[in-house]
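Q: Just passing along the structure, written as structure tokens.
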């Protein structure tokens, strides 16, 4: 069933105002409250009705318009902080005008101060109507080919080179501010000085004079498009969501301290993936990407107030650019792994292997430290917390459980250890007699009896080859005997050393076993991948090829 189309709403036209006749397209207009001195207006879009002449004349708000399917003018916007503003580059306007004259026949413009911020609007009146999107693409391309950066905050072109949205339709053109002589707008002469008594009538006279001099024709425009046309990308719904999510994170800028690292990462990702979609002539990378990110970061809200890394901004951005260029992200609309970047895949695999090795070394060091301090917990949670306290992340611990988990590394229970007097701590012969220190756990305190036993034996027995563990006394023990409490503490220290020794022995044994199991599993899996690669099955071969590439092999 077909629905009847509803005619678009209209408005009362003011016939005696020629300025309003210039800006004919009034749908999806933009508006903003009058800002306080020194502040920028916050613009909103109104798509429920067109902007009427009477609303503009009333002046309750600041208004702006977009472009329709065709247009008889264009506009170049240069912000006051732009690198191309005359106070920073006095020759930039001449270069812009010369570029437009040589390539498109646009020889002059109506130059105005857009507002109290002293930004510039260069109106380009044309003698006939042109397709808006073609004019936008042509202007953008010829300026970029001449070395200008067409971007927000630097140099903006209206109509802009718009792109496809997630629904497959082209987005709306960007809106630009209407000339308003009541709020800082004024005409400028060739020396960029305000024209005294410059009003709307003066603006119209300049407009008509410039319109006659600009000699852009459809033939010239098509010639420019053939040499400067760029690809327009259709963005999928998933890509559009990703793009908009990044925009949301970036556009609010800095709102507090500690946000620089995260925010720079988002900006780098945004322009690395979508830079060419948003207007760059080619995908951004290397120094071009770094310059773009630094430029955008400095213009975001809160940069001066909250960014504590302004002195090292370039180096921080360079690190992020290097990081993303070696990651799995890629330029939208291009192959994920171009043939020319296969060497980067090898470097990535090598880097991943290095990161894994370093992570395992950190875990081994942490476990070793706890063992040396005899403080390695036996429980899973307690052991996990003890290692995270040393700066090892939970994710890393989970990935390398074989190095610390109680299932693989058991602590030694004192009840399970038998002290061998012929081993590390008891190299001499055992003491003869009733007080000898035997291997049984029931006689751990028998060295206490050794003192009384020695006092009851001859001097030959006292001078016999005793060990520290048997009596643990100095040679002048007869003159300064240890108290029973000191003897007990000495024995406890010896037991603790023996437990630690046994603990390290079992740890080394378990680690060797784990490494052997891992090597055996890896060898078995590699053999399977080699069998798949040579099987002739396209699916198995592709899977095997992917595995070898991930491991840096061919």
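The numbers here are math on the coordinates, done by the rules we state, and not lab data. Please read these numbers as outputs of a predicted model, since none were measured by experiment. Cβ coordinates were reconstructed from backbone atoms using ideal geometry, including for glycine residues, and neighbour counts include every protein chain displayed.
Q: Using the basic label-point model (7 angstrom from Cα toward the beta carbon), what is the residue 489 to residue 192 distance in nanometres?
A: According to this spin-label approximation, the distance is 8.4 nm.
Q: Right, another one. At 0.36 nm per residue, minus the direct Cα-Cα distance, what do residue 81 and residue 537 gain on full extension? Give it in nm, one decimal, please. Numbers along the way, then the final one.
A: Values: separation 456, 0.36 × 456 = 164.16 nm, distance 6.13 nm.
That works out to 158.0 nm of additional length.
Q: Hey, another quick one. Given a Förster distance of 22 angstrom, what is the FRET efficiency for residue 385 paired with residue 355, based on the Cβ-Cβ distance and rounded to 0.05?
A: Values: r = 24 Å, r/R0 = 1.07.
For R0 = 22 Å, the calculated efficiency reads 0.40.
Q: Could you work out how much longer the chain between residue 530 and residue 257 gets when fully extended? Use 0.36 nm per residue separation minus the Cα distance between them, nm to one decimal. Numbers along the way, then the final one.
A: Numbers: separation 273, 0.36 × 273 = 98.28 nm, distance 5.24 nm.
Separation in residues times 0.36 nm, less the Cα-Cα distance, equals 93.0 nm.
Q: Can you sort 501, 29, 158 so the residue with the fewest Cβ neighbours within 10 Å comes first?
A: 501, 29, 158
Q: Here's another thing I want to ask about it. Starting from the Cα of residue 172, move 7 Å in the Cα-to-Cβ direction to define the label point; list residues of segment 20-54 whose amide nitrogen is under 16 Å from there.
A: 24-33, 42-52
Q: Using a Förster distance of 35 Å, how high is the FRET efficiency between residue 519 and residue 328, based on the Cβ-Cβ distance and rounded to 0.05? Don't jump to the answer; show the numbers that get you there.
A: Numbers: r = 29 Å, r/R0 = 0.82.
Plugging the Cβ-Cβ distance into 1/(1 + (r/R0)^6) gives 0.75.
Q: Using a Förster radius of 41 Å, what is the FRET efficiency between residue 205 and residue 311 based on their Cβ-Cβ separation? Nearest 0.05, please. Can you show the working numbers first?
A: On the way: r = 51 Å, r/R0 = 1.24.
Here the calculated transfer efficiency is 0.20.
Q: Cut-off 11 Å, label point 7 angstrom out along Cα-to-Cβ of residue 288: give me the residues of segment 142-161 whose amide nitrogen falls inside.
A: Of the residues in segment 142-161, 145 have backbone N under 11 Å from the label point off residue 288.
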